[in-house]
Amino acid sequence: MEREKISLTGAPATMLATLYARALDNRLPVPVLGDTEADRTVRRIDYDFGAMGIKDTSSVVGVALRAKYFDDWTTEFLAAHPDATVLHLACGLDTRVHRIAPPASVRWIDVDYPDVIRLRERLLPDPGGDYRMVASSVTDDAWLDEIPADRPTVAVFEGLSMYLTKDDGKRLIQRITGRLPSGQLLFDCYGTVGVRMQKLVPAVRNTGAILHWGVGDPHEIEGWHEGLVLLDTLRSVELPGNAQMTASARAGMWVMARIPGLRDIGRLLRFSYT
Ligand SMILES: C[S@@+](CC[C@H](N)C(=O)[O-])C[C@H]1O[C@@H](n2cnc3c(N)ncnc32)[C@H](O)[C@@H]1O
């Protein structure tokens with residue numbers, strides 16, 4: 001079979017780094033995620049994945065762990081709300097819907113830029129059920145108005161917030177929480193120091209992507225909608241699963257966890273809203 005050539009640049013191209021990491025995780029003796037579909041997809045793409053800087057087990061495990069937390073939080077929400085809407089924003093080529101395999105009662109919507117959605121259509125199998133893709137920037141107004149506001153909603157956006165300006169991130173959060181009845185927001189963020197050090201991230205440097213929004217105090221976000229409550233903040237450098245990383249990576253994280261600014265370089269956030 002002819003492999004798919006990819007010529008994306010900027011933020012859309014960064015999804016190839018996370019996809020590649022999940023594929024490499026699947027090739028570990030004991031994978032964190034075991035994402036066979038990601039592995040199959042990478043084998044169908046003609047791209048210089050080496051330029052993404054995903055070179056060692058620790059970066060593979062780091063990406064896979066982040067995805068695992070968001071999978072687990074989403075699954076938890078769906079167990080309590082089997083009729084929910086899932087808004088999976090900036091989905092890239094993430095096979096979250098395949099990994100979670102939600103029941104048919106769940107409405108699942110994957111959103112990303114049109115170029116990315118076209119690739120998804122070509123490369124990933126239809127997961128079945130009440131599933132659809134929306135080809136749009138998340139900052140455009142129209143797409144969200146089309147989502148029926150009739151169910152509890154979990155909005156998952158992994159690897160997105162840092163590519164938005166703070167104003168666009170705030171507006172997105174306010175539009176979701178203002179329109180869709182109640183639910184949760186699950187997303188990761190860079191800290192302000194992380195955004196200043198962005199050129200050190202190979203996937204950012206080599207794609208020409210630009211990071212804008214670094215979150216200082218996540219509690220500030222609670223003020224953006226009445227009824228928005230921060231449930232969990234997990235620092236990437238302190239995730240229990242980091243135990244699967246190499247000793248040198250764990251030592252590096254141990255040091256970072258003790259340095260103000262660096263300890264908040266990446267965080268996973270879970271909010272509930274009414
Ligand atoms: C680091 S990748 C993460 C992709 C996926 N969530 C994952 O974990 O593999 C960043 C993604 O954000 C998407 N993105 C960035 N800004 C966006 C916007 N304004 N609207 C829609 N998608 C956006 C990119 O197209 C890309 O798919």
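Restricting attention to helices (runs of 4 or more DSSP H) lying wholly within the range 178-256, give those where 3 or more residues are in contact with a helix residue (DSSP H, G or I) (Cβ under 7 Å, 6 or more places away or on another chain) and modelled with pLDDT under 95.
Fully inside the range 178-256 and qualifying: 202-205, 247-256.
With respect to residue 151, determine if the residue is among the basic types (Lys, Arg) and over 23 Å from residue 78 (Cβ atoms).
The answer is no for residue 151.
What pairs come out if I take residues in the range 35-50 that are without any contact (Cβ under 8 Å) to a residue 60 or more places away in the chain and in a loop (DSSP other than H, G, I, E, B) and pair them with residues that are surrounded by 13 or more Cβ atoms within 10 Å (Cβ to Cβ) and hydroxyl-bearing (Ser, Thr, Tyr) whose C-beta lies under 9 Å away, six or more apart or interchain?
These pairs meet every condition: 47/20.
Of the conditions (1) closer than 20 Å to residue 19 by Cα; (2) hydrophobic (A, V, I, L, M, F, W, C); (3) more than 13 Å from the ligand (Cβ to nearest atom); (4) crowded, with 17+ Cβ neighbours inside 10 Å, residue 215 fails just one. Which one is it?
All conditions pass for residue 215, except number (1).
Every residue in the range 238-260 that is surrounded by 14 or more Cβ atoms within 10 Å (Cβ to Cβ) and closer than 21 Å to residue 192 by Cβ, please.
Passing the criteria: 239, 252, 253, 256, 257.
I'm checking my understanding of the structure. Among residues of the range 89-138 that are buried (at least 21 other Cβ atoms within 10 Å of the Cβ), over 20 Å from residue 36 (Cα atoms) and of a type outside the set (A, V, I, L, M), which one is nearest to the ligand (Cβ to nearest atom)?
Among those that are buried (at least 21 other Cβ atoms within 10 Å of the Cβ), over 20 Å from residue 36 (Cα atoms) and of a type outside the set (A, V, I, L, M), it is 112.
I need the helices (runs of 4 or more DSSP H) fully contained in the range 85-174, keeping only those with at least 3 residues that are under 17 Å from the mean Cα position of the chain (by Cα) and β-branched (Val, Ile, Thr).
The helices (runs of 4 or more DSSP H) meeting that bar number zero.
Specify the residue that is farthest from the ligand (Cβ to nearest atom); the eligible residues are those in the range 18-33 that are in contact with a helix residue (DSSP H, G or I) (Cβ under 6 Å, 6 or more places away or on another chain) and not in a helix (DSSP H, G or I).
This residue is 31.
In the range 144-171, which residue that is surrounded by fewer than 16 Cβ atoms within 10 Å (Cβ to Cβ) and among the acidic types (Asp, Glu) is farthest from the ligand (Cβ to nearest atom)?
Among them, the one singled out is 150.
Filter the range 55-72 for residues that are away from the ligand (no atom under 14 Å from the Cβ) and either in contact with a Gly (Cβ under 7 Å, 6 or more places away or on another chain) or assigned to a helix (DSSP H, G or I) (or both); which is modelled with the highest pLDDT?
Checked the range 55-72; the qualifying residue modelled with the highest pLDDT is 72.
More than 25 Å from residue 201 (Cβ to Cβ), of a type outside the set (A, V, I, L, M, F, W, C) and more than 13 Å from the ligand (Cβ to nearest atom): does that describe residue 82?
So residue 82 passes the test.
Against the conditions (1) modelled with pLDDT under 95; (2) away from the ligand (no atom under 16 Å from the Cβ), where does residue 141 fall short? Just the number, please.
(2)
The values are calculated or read from the model by the stated rules, or taken from the named source; none is laboratory data. Only a predicted model underlies this, so the values are computations on that prediction, with no experimental measurement involved. Please note: Cβ atoms are built from the backbone with ideal geometry, for glycine as well, and neighbour counts cover all protein chains shown.
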